[in-house]
Amino acid sequence: MLNQRIQLYSLALLALLDLLICYMLNLGMVHAKSRPVRKPNTSIRVDKDILHQARIAAVTNKKTLGQWLEEAIMEKLEREQERIKER
């Protein structure tokens with residue numbers, strides 16, 4: 001009987017700990033290195049020379065090609081939005 005209670009308390013404690021970790025992950029208090037968020041793969045057609053230049057720029061900035069491309073796309077979108085506002 002006492003053994004069953006200890007097991008139940010242990011399971012409840014583990015469940016609470018799991019909830020706490022999930023809560024902290026959502027608040028950004030803990031980094032999710034053990035649970036990386038994977039983005040879906042996307043295929044695009046790009047000139048190989050342009051892709052090569054982008055890869056070099058990404059490595060030079062110590063970023064992955066995906067990170068570098070995301071930043072470049074966001075910068076382009078911001079410029080386009082500013083240009084539209086000026087009209």
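Could you give every pair whose Cβ atoms fall below 7 Å, whose first residue belongs to the stretch 60-73 and is surrounded by 13 or more Cβ atoms within 10 Å (Cβ to Cβ), and whose second residue is of a type outside the set (K, R), counting only separations of at least 6 or pairs across chains?
Here the result reads L65/A54; L65/A58; W68/A54; W68/A57; W68/A58; W68/N61; L69/A54, each pair linking the stretch 60-73 to a residue that is of a type outside the set (K, R).
What are the residues in the stretch 24-51 that are surrounded by 10 or more Cβ atoms within 10 Å (Cβ to Cβ), modelled with pLDDT of 75 or more and either β-branched (V, I, T) or not assigned by TED's automatic domain parsing to the domain that holds L65 (or both), if any?
V46, the sole residue that qualifies.
The values are calculated or read from the model by the stated rules, or taken from the named source; none is laboratory data. Nothing here was measured: the structure is a model prediction, and the numbers come from that model. We place every Cβ from the backbone using ideal geometry, glycine too, and count neighbours over all the protein chains shown.
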